[in-house]
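Some notes on the structure that comes next.
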Amino acid sequence: TQLLEQSPQFLSIQEGENLTVYCNSSSVFSSLQWYRQEPGEGPVLLVTVVTGGEVKKLKRLTFQFGDARKDSSLHITAAQPGDTGLYLCAGGGGSEKLVFGKGTKLTVNP
Amino acid sequence: DAGVIQSPRHEVTEMGQEVTLRCKPISGHDYLFWYRQTMMRGLELLIYFNNNVPIDDSGMPEDRFSAKMPNASFSTLKIQPSEPRDSAVYFCASSSLGETQYFGPGTRLLVL
C-alpha cells in the first residue's frame, strides 16, 4: 500500500512569515498533486508535478518534486490569512488511483 | 458552468437506517470518484467509475456500502445499514480522461 506522510500536521503562523510543508513516501509516484481544502468545501487542485526535481511556482507558492519522485515540498512566502486551509498532497492520478496524505492544517493569523 | 453537485449537504441519521448520497458530475466528464474523509484516516478513495462502469471498488469498506452510476450524469452511494463509524464527510469528484479531479462540496454524514 502506498502511503504519503505529511508534516507538520498542524502549523500556525503570523501573517508575513514563510513556511514549508512536506510530503514524503517510500514509494515512487508518476506524479504528485497538491490541493488546498477550505472548511466545508472539497479539495481544489493547486498544482501537479511530474518530473523528478521539477519546481513550479504559483504566485507566492513554490512546489518541488524530489529527484526520486518520492517526496515533495510546498513553500509559501509571506503567508497571508487567505492561505489558511488544509493542504493535501496526493500521488498518482491519470490511470493510477490517487493516494492522499492526511494533510497539513495551516492557520495564518493576521 | 456548474461544478460537481452533491446532495444532501448534511445528513443526520440513526444507526441501522439506510443512507443514500447523491452526486451529479460535471457534464462531459467520464470519470467519477467517491471518497470518504475522516480526521483519523484522511481522504480515502472508495470507488471510481469510468463511463458509468465501476472500475475499482477495493476501497469500499464492506458489503454495507454500494455505489451505482445509472447514467453519465448521476451516481449514488448507499449505506445500509448505517453505523456510527460511518460518520464522515463523503466527497464525489469527476474528471475528464482521468486528469484533474474536481471535487464537490461534500456530504457531512453523522450516524447516531
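In table form, for the structure just shown:
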{"quantity": "Which listed residue, of B:THR100, B:THR76, is part of a loop (DSSP other than H, G, I, E, B) and either more than 24 Å from A:VAL44 (Cβ to Cβ) or polar (S, T, N, Q) (or both)", "calculated": "B:THR100"}
{"quantity": "Condition broken by B:SER73, with the remaining ones in (1) within 14 Å of chain A (Cβ to nearest Cβ); (2) without any contact (Cβ under 8 Å) to a residue 60 or more places away in the chain satisfied", "calculated": "(1)"}
{"quantity": "Qualifying residue in the range B:89-98 (condition: within 21 Å of A:LEU98 (Cα to Cα) and of a type in the set (Val, Ile, Thr))", "calculated": "yes"}
{"quantity": "The range B:85-112 - residue that is in contact with a Leu (Cβ under 7 Å, 6 or more places away or on another chain) and open to solvent by 20 Å² or more (accessible area, probe 1.4 Å) and, of those, farthest from the other protein chains (Cβ to nearest Cβ)", "calculated": "B:SER87"}
{"quantity": "Long-range neighbours under 8 Å by Cβ, at least six apart or interchain, first residue more than 8 Å from chain A (Cβ to nearest Cβ) within the range B:38-58, second open to solvent by 40 Å² or more (accessible area, probe 1.4 Å) and among the small types (Gly, Ala, Ser)", "calculated": "B:ASN51/B:ALA72; B:ASN52/B:ALA72"}
{"quantity": "Test: residue in the range A:38-45 that is within 14 Å of chain B (Cβ to nearest Cβ), open to solvent by less than 50 Å² (accessible area, probe 1.4 Å), free of Cβ contacts under 8 Å to residues at least 40 places away in the same chain and in a strand (DSSP E or B)", "calculated": "yes"}
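Condition check ((1) surrounded by 20 or more Cβ atoms within 10 Å (Cβ to Cβ); (2) within 26 Å of A:GLY91 (Cβ to Cβ)) across all residues:
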site: B:ARG22; (1), (2): no, no
site: B:PRO25; (1), (2): yes, yes
site: B:PHE33; (1), (2): yes, yes
site: B:MET39; (1), (2): no, yes
site: B:GLY42; (1), (2): no, yes
site: B:ASP57; (1), (2): no, yes
site: B:SER66; (1), (2): no, no
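Okay, residues lined up against (1) farther than 16 Å from A:ALA90 by Cβ; (2) modelled with pLDDT of 95 or more; (3) touching a Lys or Arg at 6+ places or on another chain (Cβ under 9 Å):
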residue: A:LEU32; (1), (2), (3): no, no, yes
residue: A:ARG36; (1), (2), (3): no, yes, no
residue: A:GLY40; (1), (2), (3): yes, no, yes
residue: A:GLY52; (1), (2), (3): yes, no, yes
residue: A:THR62; (1), (2), (3): yes, yes, yes
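The values are calculated or read from the model by the stated rules, or taken from the named source; none is laboratory data. Everything numeric in this text was worked out from a predicted model, so none of it was measured. Cβ: placed from backbone, ideal geometry, glycine included. Neighbour counts: every protein chain shown. Heavy atoms of the whole protein, side chains included, go into the accessibility calculation; ligands, DNA and RNA do not. Shrake-Rupley method; radii C 1.70, N 1.55, O 1.52, S 1.80 Å.
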